[in-house]
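Reading through the structure tokens given below for one structure.
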Amino acid sequence: LKLPSLGHRDSVPRGYPRTLIGAVELCLEKITQAAGQPEEDGGWAAMMAMGVLRIAAYMSSRRIPVYLAISVPEFEPDDEAFRGLSPVVADSPDHPPAEAVGVLRAYSLAAADERLPPQPDAGSSRYNYTITVNSVLQEVMRARHDSDPYTPLIIDRLAWHTERWMKAAFELGAHERALVLAAHAAAVEEHASRLGLTTDFIAFLRGNLAS
């Protein structure tokens, strides 16, 4: 995921104190600088932390599944994208998501939230781990990235992953979990509509939300 330079005026949402936005941007600048360091010095964790924030900006602000967010840049749907049911999850022991979340928590940009309700055959219980991100931070990230040429691709992949997580929960009878994921699906659809994005994955997400 691209990490553009920070501090430009277009990234300041209207209606918020400049001092508040400045404090947020300072934290983002420090993480961006850390992302340029070697992997063993925390560069990977900082890079993933910024990626999680960018993806989370297009989701609901509460109970964001960390493993869903980190899987978006790792897996590209292929010709079998509409088959099967199980979510595709990035889970590398060499790159634990907890390290990226730790970076965000160190700067108070994210907090641990209530875990997703369990579902049968959901894999590891750590996949239920979620975070919350402040809505002001989400607006800052959207203002920064809405016009980026990579954003349509990110939202397209996010729609596919979110729909898959939601559908799996529904089909397995985990209705409380499906409701949480439906809130994220609705947020993704809202931002896709706002940006005028129309893809097969977004249309599929819309159809399942309406059903």
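The values are calculated or read from the model by the stated rules, or taken from the named source; none is laboratory data. Values in this document were obtained by computation on a predicted structure and should not be read as measured data. Methodologically, a virtual Cβ is constructed for each residue, glycine included, from the backbone with ideal geometry; neighbour enumeration extends over all protein chains shown. The accessibility values were calculated without ligands, DNA or RNA, using every heavy atom of the protein model including side chains. Shrake-Rupley method; radii C 1.70, N 1.55, O 1.52, S 1.80 Å.
Against the conditions (1) open to solvent by less than 50 Å² (accessible area, probe 1.4 Å); (2) at pLDDT 80 or above; (3) over 23 Å from TYR129 (Cβ atoms); (4) part of a loop (DSSP other than H, G, I, E, B), where does GLN37 fall short? Just the number, please.
Among (1) open to solvent by less than 50 Å² (accessible area, probe 1.4 Å); (2) at pLDDT 80 or above; (3) over 23 Å from TYR129 (Cβ atoms); (4) part of a loop (DSSP other than H, G, I, E, B), GLN37 violates only (1).
Can you go through LEU116, LEU68, LEU158 and tell me which one is open to solvent by less than 10 Å² (accessible area, probe 1.4 Å), more than 20 Å from THR32 (Cα to Cα) and more than 13 Å from the chain's Cα centre (by Cα)?
So the residue among LEU116, LEU68, LEU158 that is open to solvent by less than 10 Å² (accessible area, probe 1.4 Å), more than 20 Å from THR32 (Cα to Cα) and more than 13 Å from the chain's Cα centre (by Cα) is LEU116.
Would you say ARG177 is among the basic types (Lys, Arg), part of a helix (DSSP H, G or I), free of Cβ contacts under 8 Å to residues at least 40 places away in the same chain and more than 17 Å from VAL72 (Cα to Cα)?
no
Say whether the condition of being over 28 Å from GLU114 (Cβ atoms) and aromatic (Phe, Trp, Tyr) is met by at least one residue in segment 151-163.
No, there is no match, as no residue in segment 151-163 is over 28 Å from GLU114 (Cβ atoms) and aromatic (Phe, Trp, Tyr).
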